[in-house]
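Below: the structure, in structure tokens.
The values are calculated or read from the model by the stated rules, or taken from the named source; none is laboratory data. A quick note: this is a predicted structure, and the numbers were derived from the prediction, not measured. Every residue, glycine as well, gets a Cβ built from its backbone with ideal geometry; the counts of neighbours run over all protein chains shown.
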């Protein structure tokens, strides 16, 4: 399977590890359910990236599940986080939104779904630490403007549309500069508050 997946590693880095520099996200160790959902979204037109669409447009659900399982099983070290390059005030604002949200605007904390250390949660919620800031910015922008969609109800689109531009800047700066040492595996679903603060179509009914 690793040989078949070499087309993926051209962009996502050896074994899907990627780096903190550039645009392409790490896929190694992401929950299999999340990876499968994204492959389906590319194939079925809810996400748009020409190279990804070309790769998966004729693949069956079964083969997409095999791809997802392959990368999900890889437990590999993360690249070191880059220096912050932002003011303390901006980082404090980003951390506040990630860890506490803003209840007055129905913005749940990111940690409520993505895990206490933002490493993701099984079976289908991705980790956000260890991702390049360019990628985080691009995805929040895509959700804000309807260029990226998930199964309805699309909870991330709702969150992204409620964030102000300065909050997007703060959140992505804080996430991209968090340390990636220790256990970076997705947490079990039982580690999250129940029920989750928002319904998400990608998690099923």
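Residue 149: in contact (Cβ under 8 Å) with a residue 60 or more places away in the chain, closer than 24 Å to residue 45 by Cβ and either within 13 Å of the chain's Cα centre (by Cα) or surrounded by fewer than 19 Cβ atoms within 10 Å (Cβ to Cβ) (or both), yes or no?
yes
If you go through region 10-33 one residue at a time, how many are under 17 Å from residue 63 (Cβ atoms) and either in contact with a strand residue (DSSP E or B) (Cβ under 9 Å, 6 or more places away or on another chain) or not in a loop (DSSP other than H, G, I, E, B) (or both)?
Qualifying residue count for the region: 3.
Report whether or not residue 182 is surrounded by fewer than 17 Cβ atoms within 10 Å (Cβ to Cβ) and not in a loop (DSSP other than H, G, I, E, B).
no
Of all residues in region 186-196, which are touching a residue at least 40 places away in the same chain (Cβ under 8 Å) and surrounded by fewer than 17 Cβ atoms within 10 Å (Cβ to Cβ)?
Within region 186-196, 188, 189, 191, 193, 196 qualify.
Can we say residue 48 is out of contact with any helix residue (DSSP H, G or I) (no Cβ under 7 Å at 6 or more places or on another chain), in contact (Cβ under 8 Å) with a residue 40 or more places away in the chain, over 24 Å from residue 121 (Cα atoms) and surrounded by 13 or more Cβ atoms within 10 Å (Cβ to Cβ)? So that I can check it myself, show each step before the final result.
On the way: out of contact with any helix residue (DSSP H, G or I) (no Cβ under 7 Å at 6 or more places or on another chain): yes; in contact (Cβ under 8 Å) with a residue 40 or more places away in the chain: yes; over 24 Å from residue 121 (Cα atoms): yes; surrounded by 13 or more Cβ atoms within 10 Å (Cβ to Cβ): yes.
Here the answer is yes, as residue 48 does meet what is asked.
Which residue out of 118, 156 is under 24 Å from residue 89 (Cβ atoms), surrounded by 18 or more Cβ atoms within 10 Å (Cβ to Cβ) and touching a helix residue (DSSP H, G or I) at 6+ places or on another chain (Cβ under 9 Å)?
118
When you go through (1) modelled with pLDDT under 95; (2) over 21 Å from residue 140 (Cβ atoms) one by one for residue 67, which number turns out not to apply?
Looking at each condition in turn, residue 67 falls short on (1).
Return the pairs, sorted by first residue and then second, in which the second residue is buried (at least 16 other Cβ atoms within 10 Å of the Cβ) and in a loop (DSSP other than H, G, I, E, B), the first residue lies in region 69-82 and is without any contact (Cβ under 8 Å) to a residue 12 or more places away in the chain and on the phi < 0 side of the Ramachandran plot, the beta carbons are less than 7 Å apart, and the residues are 6+ apart or on different chains.
The qualifying pairs do not exist here.
Restricted to region 79-115, and to residues that are modelled with pLDDT of 90 or more and assigned to a loop (DSSP other than H, G, I, E, B), which residue is farthest from residue 161 (Cα to Cα)?
Looking at residues that are modelled with pLDDT of 90 or more and assigned to a loop (DSSP other than H, G, I, E, B), I get 87.
State the number of residues belonging to region 121-146 that are on the phi > 0 side of the Ramachandran plot and either assigned to a helix (DSSP H, G or I) or buried (at least 21 other Cβ atoms within 10 Å of the Cβ) (or both).
Residues that pass the stated criteria total 1.
Would you confirm whether any residue within region 176-185 is in contact with a helix residue (DSSP H, G or I) (Cβ under 8 Å, 6 or more places away or on another chain), closer than 23 Å to residue 96 by Cα and in contact (Cβ under 8 Å) with a residue 40 or more places away in the chain?
yes
Quick check on region 56-86: of everything there that is over 21 Å from the mean Cα position of the chain (by Cα) and closer than 21 Å to residue 128 by Cα, which residue is surrounded by the fewest Cβ atoms within 10 Å (Cβ to Cβ)?
If we take residues in region 56-86 being over 21 Å from the mean Cα position of the chain (by Cα) and closer than 21 Å to residue 128 by Cα, then 85 is surrounded by the fewest Cβ atoms within 10 Å (Cβ to Cβ).
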